[in-house]
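Just below is one structure, and these are the notes that go with it.
Coordinate-derived values only; no laboratory data. Predicted model only: the values in this text are computed from it and were never measured. Note that each Cβ is placed from the backbone with ideal geometry, even for glycine, and that neighbours are counted across all protein chains shown.
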Amino acid sequence: MVNDKTDRKKYQKGEYLPEKLVQKLQDEIFSNPRLSYPSKNNFLQCVSIIFFHQVTQGNGLNYYAPLGRNYWHKIYGGNYHDRVISPLIIAGIIESIDFGCRTIPDKTQQSSIVIKKGDVSTRYRIKPELLSETYSFIPYIDKRRVLTALERMLFDNQELQIPDIPDLNFRISIDIGKAGKWVEDNAEQICNELLRREYINSLPDGLQIECHEYLDRGSFNVKYCTVKWAKFIAESRGKELFYFNNSFYIATVDEFLQYRIPALIYHYKHQISQVATQPIEEKQSPVTLRIYSHLTNFPSRILQFIHINNKTVVQLDLRTSQFLIFANLLNVYIKGGEQHLLSLFKQSRNKTYLKRLIKVLKQHQEQLPAVGIEITDRNSGEHWSSDVTKFIRDVFYRDFYEVVAHELGMKERLLAKYALFKLLFKKTNRPDALLHKLSQLYPVVVNIIAEFKKPDKSKTTDKADDNRESNFSVFLQCIEAEIFVDNILKNLRENNVPCFTRHDSVVVADGHQDDAEMIAKDVFRQLGFKYNHKVEDKFWE
C-alpha cells in the first residue's frame, strides 16, 4: 500500500537529458547567482516538458511542440513568457517559431479571425544542436516541494511516492553498444510495422477521431473530426490519412517517416542509456497506484537486451488486462455480493471506487444475471441469455477483441481494440459510432460503464481530472495496481524472485517464469478472479 508518510527526499529528483543541454543549463541557469532556486527549477522543468514532447514522444528532433498559451499559463501563470520562456530563448536553450494562426482583429468587419481548437501559433523546441547522443542527470534544487516534468504532465501535479514493497535485490543491466546497434539497424522496419495505412479503410466514415496534421515546418495541429472529413483534408492537401503507433496522422508518408525514424532511434537510445547508467527507482502514483521507473515504459522491442542477474528476461502479460479485471469484478459481485467484493481490497481509493460501482450495479440489479460464472468450468453460463454473462464469458474464455470484431462486422481486430479502449478511456458519454455498436452487443455492460462515468452533480471537478471518482479507466488501473503491486510483486520479491512490473505485466529473469505464474495465479484465485495470461514471444531467438 502507498505510505502517506513517505519522506519525499529519499530519492533525488531530477531529469535525464542530453549532456550538451545539461551543460548549457548549468552554464546559463544554475550557475547564475541572480536567479532564485524556484526560477531555476522552473527553467529545468520547462525544458524537460519540451524535451518530452519533442523527443520522448518521438515526434522529431527538429519538431516544434504545439504547447500554447493556455498550457503554459496553467503551469506558470499569466506572465509565463517573461518569467520562463523568454529567458530560455535568450540563453540559447530553446527557440520558437510563429506558425501564424493566432486570432487577429479584423477592423473592417469588427470581428476576429477565429483560431481553430488545436492550432497553436508560437511553438517551441530545444535547439537541435543541444540534443547530443550522450546524456546525464541534472537534479532539481530540492528545498521545498518540487515537481518533475512527468509529475507535472502525467500525474496531476502530484508527487510520486516510495511504495511499501521490498527493494530491488538484484542487478539490472543492458549492453548499450549492442542494443544501440540493433536499434539503428531495425528502426526503419519498426516504423514500417507501426504504420497501418490500410487500417483507415476499415473505419466508419462518421467516426470521430483525433488526428495530427503535420505541417511543413516541423510541427502538427491536432484536429477532432470525422474520418470522412479527415480524408477530405488529406486529399485536398495532397497528403494521406493513416494510422501510426496508436494515433491518426495527416501527412505525406515518406516525409513523415523521415522525421520518425531518426526520432525513434534517438528516443530508444535515450531509454537504453538511462537504464544503463541510472539507478532503478521505483515510485508509486497516488492517482493510479501504479509503479513507475525507467523500465515501466521501456520500449518492448528492446526488452530483449535487458538482463537481470546476467539472465535474459521473460514477460508475462495479463490478457485483455482491464477488461479481464472488470469482468472479474462483475462476476464476484454477482456471486458474492456487495460486502464480499469490498472485502477483497484494502486501498482506500479502491474502496471508494468499488462503492461507486456497487451503487451503479444496484441500479441495474434486475438486469444482472442471478448466477455468476464458475471460473473453473469453461461451460458455465454458456447458454444463458444475459449480455453481462456473455461479456464475462467472452473475456474469460475467448479472444475478446476477435469476438467483438467478428460480431460487429469489423474488418480488423485492431478496430475492435480501438473501440473497446474508447469505451474505457473516453471521459464523456457523448454519442460515438463505435460505442453505439458496442452498446448493441453488450447493452447492460455499456450502460453500467456510462452510469459510472456520469459526474456527481454535487461535485465540481474538471472532466480531465484523473482524481474524479467517475474516472472509469483510473478506477480499473487502481484495482490492477493493488493486485499487481501489493500482492503479486510484493509476494515475488519476498520469495526472492528477481522481477519488476510493467503495469499489468510481470518481467522476471529467465528461469523464474514458472514461479511468477504460480504466484500470480494464486493471487487471482484467492480473489475469486479468473487469471488469463500470455508469455511474450522471444522474437529475437
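Which value, in debye to the nearest 20, gives the size of the charge dipole of the chain about its Cα centre, when Lys and Arg are +1 and Asp and Glu are -1 at the Cβ?
It works out to roughly 1660 debye.
Describe numerically, in nm with one decimal, the distance between label points set 7 Å from Cα along Cα→Cβ at residue 534 and at residue 167.
3.8
Rounded to the nearest 0.05, what FRET efficiency do residue 526 and residue 352 give with R0 = 22 Å and r taken as the Cβ-Cβ distance? Could you check? The partial results should precede the final answer.
Numbers: r = 22 Å, r/R0 = 1.02.
Efficiency for this residue pair is about 0.45.
Give me 127, 223 ranked fewest to most by other Cβ atoms within 10 Å of their Cβ, as a rough exposure proxy. All intermediate terms of the calculation are to be shown ahead of the outcome.
Details: 127 15, 223 19.
So the ranking, lowest neighbour count to highest, is 127, 223.
Set the Förster distance to 22 Å, then compute FRET efficiency between residue 132 and residue 89 from the Cβ-Cβ distance, nearest 0.05. Display every interim value, and only then the final one.
Working: r = 20 Å, r/R0 = 0.91.
For R0 = 22 Å, the calculated efficiency reads 0.65.
Please report the net charge: other residues with Cβ closer than 12 Å to the Cβ of residue 499, K and R +1, D and E -1. Provide the component values of the computation, followed by the final result.
Numbers: positive: 311, 490, 493, 502; negative: 282, 494, 510, 515, 517.
Result for the local shell: -1.
Would you mind checking the tilt of helix 387-397 against the longest principal axis of the Cα atoms of the chain, expressed as 0 to 90 degrees and rounded to 10?
80
How many angstrom lie between the C-alpha centres of region 269-302 and region 492-541?
18
Nearest 20 debye, what's the magnitude of the dipole of region 309-541 about its Cα centre given +1 on Lys and Arg Cβ and -1 on Asp and Glu Cβ? Could you put the intermediate results ahead of the total?
Values: 36 positive and 32 negative charges, 193 e Å.
Charge dipole, region 309-541, about its Cα centre: 920 debye, nearest 20.
Got a sec? Charge dipole of region 218-362, +1 on Cβ for Lys and Arg, -1 for Asp and Glu; which of 233, 252, 353 is way out at the positive end?
Of the candidates, 353 comes out farthest on the positive side.
Which one of 128, 94, 41 has its Cα pushed farthest toward the positive end of the charge dipole of region 8-167, where Lys and Arg give +1 and Asp and Glu give -1 at the Cβ?
41
Report, by chain and number, residues whose modeled amide H sits under 5 Å from the one on residue 502, excluding near sequence neighbours (fewer than 5 apart, same chain).
Residues meeting the amide H criterion: 507.
Take 406, 533, 383 and order them by how many other Cβ atoms sit within 10 Å, fewest up front.
Lowest count first: 383, 406, 533.
Would you calculate the separation in nanometres between label points at residue 144 and residue 23, each defined as 7 Å from the Cα along the Cα-to-beta-carbon direction?
Computed distance between label sites residue 144 and residue 23 equals 3.4 nm.
Relative contact order, percent, of region 8-167 when contacts are C-alpha pairs under 8 Å separated by at least 6 residues? Spell out each step's value before the answer.
Working: 193 pairs, mean separation 62.0, N = 160.
With pairs under 8 Å counted, the relative contact order is 39 percent.
Would you kindly state how much longer the chain becomes between residue 433 and residue 81 on full extension, computed as 0.36 nm times their sequence separation minus their alpha carbon distance, in nm to one decimal?
Values: separation 352, 0.36 × 352 = 126.72 nm, distance 4.13 nm.
Contour length minus the Cα-Cα distance gives 122.6 nm.
Tell me the mean residue ellipticity at 222 nm calculated for the chain from its helices only (DSSP H runs of n ≥ 4, each -39500 (n - 2.57), averaged over every residue, nearest 500). Mind showing how you got there, number by number?
Values: 19 runs with 215 residues, N = 541.
After summing the helix terms and dividing by the residues of the chain, the value is -12000 deg cm²/dmol.
For the chain, what is the relative contact order in percent, using Cα pairs closer than 8 Å and at least 6 residues apart in sequence? Please report the intermediate quantities before stating the final value.
Details: 784 pairs, mean separation 88.4, N = 541.
For the chain, the relative contact order is 16 percent.
Tell me which residues come under 5 Å, amide H to amide H, from residue 207 once H is placed; ignore anything under 5 positions away on its chain.
For residue 207, whose amide H was placed from the backbone, the distant partners under 5 Å are 227, 228.
Enumerate by residue number the trypsin sites (Lys or Arg not before Pro) in region 134-206 meeting two conditions: DSSP loop (anything except H, G, I, E, B), and at most 16 other Cβ atoms within 10 Å of the site's Cβ. It would help to have the intermediate numbers written out before the result.
Numbers: sites: 143, 144, 145, 152, 171, 178, 181, 196, 197; in loops: 143, 144, 145, 171, 197.
When the trypsin sites (Lys or Arg not before Pro) of region 134-206 are filtered for loop state and at most 16 Cβ neighbours within 10 Å, 143, 144, 145, 171, 197 remain.
To the nearest Å, what is the center-to-center distance of region 126-184 and region 191-265, using C-alpha atoms only?
Going from one Cα centre to the other spans 30 Å.
Which residue, chosen from 520, 279, 160, occupies the Cα position most advanced towards the positive end of the dipole of the chain, where the dipole is computed from +1 (Lys, Arg) and -1 (Asp, Glu) charges on Cβ about the Cα centre?
Comparing the listed Cα positions along the dipole, 160 ranks first.
Efficiency by 1/(1 + (r/R0)^6): what FRET value for residue 515 and residue 370, r their Cβ-Cβ distance, R0 = 51 Å, to the nearest 0.05? Walk me through the numbers before you get to the answer.
Numbers: r = 39 Å, r/R0 = 0.77.
It comes to 0.85.
Among 121, 385, 343, which comes first, second and so on when ranked by fewest other beta-carbon atoms within 10 Å? Present the calculation step by step, with values, prior to reporting the outcome.
On the way: 121 17, 385 7, 343 10.
The most exposed by this proxy come first: 385, 343, 121.
What size of dipole, in debye to the nearest 20, comes out for region 178-265 about its Cα centre when the only charges are +1 on Lys and Arg C-beta atoms and -1 on Asp and Glu C-beta atoms? Mind showing how you got there, number by number?
Values: 11 positive and 13 negative charges, 34 e Å.
Taking the Cα centre of region 178-265 as origin, the dipole is about 160 debye.
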